[in-house]
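In what follows, a structure is listed as structure tokens, so that the remarks can point back to it.
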Amino acid sequence: MRSLHLSVIFGVCICQAQSVKTVDFGRDVQPILREHCFGCHGPSQQLQNFRLDQRRAALPNRVGANGARIIAGNRAASRLYQKLTKPQQGIQMPPAGPLSAEQIETIGAWIDQGADWPDAFAGEVPPPTADAQATRLMEALRNGDRKAVSRILQGHPEAVNRAGSGGATPLMYAVLYGDAETVRLFLQHGADPNLRSPSKASALMYAADDPAKTRLLLDRGADANARSNEGETPLSIAAAGRENADVVVKLLLDHGADLKMNSLTRGSALTVAAAFSGNPRLVQLLLEKGAERTPLPLAQAALLDCSLCVETLLPFARQPELNAALTSAVRARSEPLLRMLLARGAKAAPNLLPTLSLTPDWPAPDLLKTLLEQGADIHAVSSVGGTVLGLARRQGKTKLVELLESAGAKSAPDEEARPTRMPSPASSPRAAIERSLPALQRADAGFLIKAGCVSCHSNSLTAMAVAAARKSKLPVNEQIARTQLSAIGSFLERNRERALQSLGVPGSAHTAGYTLLGLVAENYPADTTTDAWAHFLKNTQESDGHWKVRNLRPPIESSDIEVTAAALRSIQVYAPKSRRTEYEKAVQSAAQWMETAQPRDTQDRAFRILGLHWAGGKRDAIIQKAAKDLIAFQRPDGGWAQLPTLASDAYATGQALTALHESGGVPIAHTTYQRGIQFLLNTQLADGSWYVGTRTLPLQRYFDSDFPHGVDQFISITATNWAVMALAPAAR
């Protein structure tokens, strides 16, 4: 009997002691799930968009509302197991009462033993056999071949309502790959707008970014209240849109969309709009149409740094909502919002200041004083450990540190020193990379199986580093590289509907952009999955051309310039052929934003150069000036620092050298490049890594991905990848 055994797929051997009983899914696990879990997470309903009756929906490589739920080989990191025991957030499951200790141990042992889920119990209904003519029609749409589309429609008009590849219909592809006139053509040929895919998606859901397509479908009777297996409706998807979202939402409401039909994972249309859209006209429209105001999504609007959205919601805000919004304004690093909310009487949560510690370049002294007066505790300890001052010192001797010290803040003794690591200088760039790659590829393989998701630091950047090493004729473990590339592609494919329905993945455009950057480096061929993620990125672009970083996790997830450069490159390479001109306009809009963007640190300077270089066009003078500016920040030791208040490290140095070389700003033989190379060689450790200390608050449970440096391993993996990319051209 075939089965999906994740430990085999990812090449990880999970050894069990002979005394441990092997858990059988069909005999031991499924009966527990059927009796206690299927009622809420089975065929009839999927609360929190999670179901346990289907293997595909439950196992890793599938992101749900709160990330991967079952991580093979690691019960402690599996949210399913956490919910069955003592969850950090929410109530223990099942809600009717906890499972017995024996039942919980059975599920835990099954996860630890590899989460083997045989095909016989997969619970999946395969999509209908693809109709040949419908598939041909869909391929012609994807390729932008209008003549072929016309020919097939004339010869096989019945194909418009038959399922093609993956169970989608040609009308869905007309929406995704064509213009409004293409959609009109298919409707005139009798296409049914209410046919659904196996994921219960409809053409109207895919049209949520386009008022003209939406109007055409609604006028032909498209169901404005259809719900997909992802828990979304056309209204909830449209509410996450950008510039035209208010127009599309009004069309849907005028055609009977029910404001009370919430997204099963994101809440009401008003909450979705406040959290994702940044369109104050949309927020106002929903309020006027009677959207539920409790809970008021003021904090979500503040986190998005949409001041007009916050102003629109403020008249309805109660004290707890004002207080929560103040914390969001800190995370958004928005001084205007902070002042606005404080003026309206917002009170600072006692644990607010640890979040403030992630933002080294502000606030103004009077703001810190006001926050302390309003209740912020200068002696607060974060939920994951660490004092305000200790966390702030991770950014170096910043103005904030000086303000905290003058206000009497103290740090704990164990926060003051980081372990000393003695470098073992490599003799050459080639020797350094040959020491690094095995450790990077080992961690690359380990992270996916343990985390159940693709990461920027361990997977995407490693794909980029491996590609750079291969280009320089350095030895690469091609078996691991192929397996990981396939796993990343599988992750994106399994979450394709999330991209098409505006849900994305944790990290939003940042994660999607970095993931596609890794595929770009490995020359991964474009397909309908990369199309979907390019579509997601394009639809999350702001009206001025840039993309916003959604989480504050410095340094890798803290820069609008960085996420904009990554998204720009991703949609440039993976733009669907039929809409390439439209996507190129989005690329150039992003580049124009980057031309005037003001970098705050080394990462900003490096990614601004990369983004402008990738965009092409007549920007040589701007790039040369930006390169000169970046070179000016090189330290006497040959390296670059992430911040002026920190020491030189491999993270910043690798980024700087990569940007300077890839853009053509500095040749390898240039003194600047050679000094940077020597810094990297001199600071490498004997295990092949470069150590960099973390300076963020962890958002997930720590686990060891088989890379050195403990809790600092994720940023150290990132730094090591950038160092390899910088050294690779010099190793040729």
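Observations on the model:
- Some residue of the stretch 626-640 being aliphatic (A, V, I, L, M) and in contact with a strand residue (DSSP E or B) (Cβ under 7 Å, 6 or more places away or on another chain): no
- Looking only at the stretch 167-195, and only at residues there that are surrounded by fewer than 21 Cβ atoms within 10 Å (Cβ to Cβ) and over 17 Å from SER150 (Cα atoms), the one that is farthest from the chain's Cα centre (by Cα): ASP192
- Failed condition for PRO636, given (1) in a helix (DSSP H, G or I); (2) under 24 Å from ILE677 (Cα atoms): (1)
- Taking the stretch 196-226 as the range and being buried (at least 18 other Cβ atoms within 10 Å of the Cβ) and of a type in the set (D, E, K, R) as the test, the residues that pass are ARG196, ASP209, ASP210, LYS213, ARG215, ARG220, ASP223.
- Lone qualifier among ALA57, ALA65, ALA77 - being of a type in the set (A, V, I, L, M), at pLDDT below 80 and out of contact with any helix residue (DSSP H, G or I) (no Cβ under 8 Å at 6 or more places or on another chain): ALA57
- Selection over the stretch 281-301 of residues that are out of contact with any Lys or Arg (no Cβ under 8 Å at 6 or more places or on another chain) and assigned to a helix (DSSP H, G or I) gives a count of 10.
- When LEU253, LEU264, LEU304 are checked against the criterion of being outside the structural domain of PHE50 (by TED's automatic domain parsing), closer than 25 Å to LEU176 by Cβ and touching a residue at least 60 places away in the same chain (Cβ under 8 Å), a single residue qualifies: LEU264.
- Filtering the stretch 235-258 to residues that are polar (S, T, N, Q) and more than 22 Å from the chain's Cα centre (by Cα) leaves only ASN244.
- Of all residues in the stretch 101-117, those that are more than 10 Å from ARG75 (Cβ to Cβ) and either among the small types (Gly, Ala, Ser) or not assigned by TED's automatic domain parsing to the domain that holds THR85 (or both) total 2.
- Consider the stretch 407-466 and keep the residues that are polar (S, T, N, Q) and farther than 30 Å from ALA57 by Cα. The one that is surrounded by the most Cβ atoms within 10 Å (Cβ to Cβ) is SER436.
- Counting only helices (runs of 4 or more DSSP H) that sit completely within the stretch 484-573, zero hold 3 or more residues that are under 14 Å from the mean Cα position of the chain (by Cα), among the polar types (S, T, N, Q) and over 30 Å from ARG695 (Cα atoms).
- Test: residue in the stretch 661-673 that is crowded, with 21+ Cβ neighbours inside 10 Å, in the same structural domain as LYS473 (by TED's automatic domain parsing) and at pLDDT 95 or above: yes
- Annotation: of all residues in the stretch 302-341 being of a type in the set (Gly, Ala, Ser) and outside any helix (DSSP H, G or I), the one that is nearest to GLU557 (Cα to Cα) is ALA332.
- Single residue of the stretch 639-659 satisfying the filter (aliphatic (A, V, I, L, M) and assigned to a helix (DSSP H, G or I)) that is farthest from THR683 (Cα to Cα): ALA659
- For the stretch 191-205, the set of residues classified as among the aliphatic types (A, V, I, L, M) and either assigned to a loop (DSSP other than H, G, I, E, B) or out of contact with any helix residue (DSSP H, G or I) (no Cβ under 8 Å at 6 or more places or on another chain) (or both) consists of ALA191, LEU195, ALA201, listed by residue number.
The values are calculated or read from the model by the stated rules, or taken from the named source; none is laboratory data. Please read all numbers here as calculations on a predicted model, not as lab measurements. Methodologically, a virtual Cβ is constructed for each residue, glycine included, from the backbone with ideal geometry; neighbour enumeration extends over all protein chains shown.
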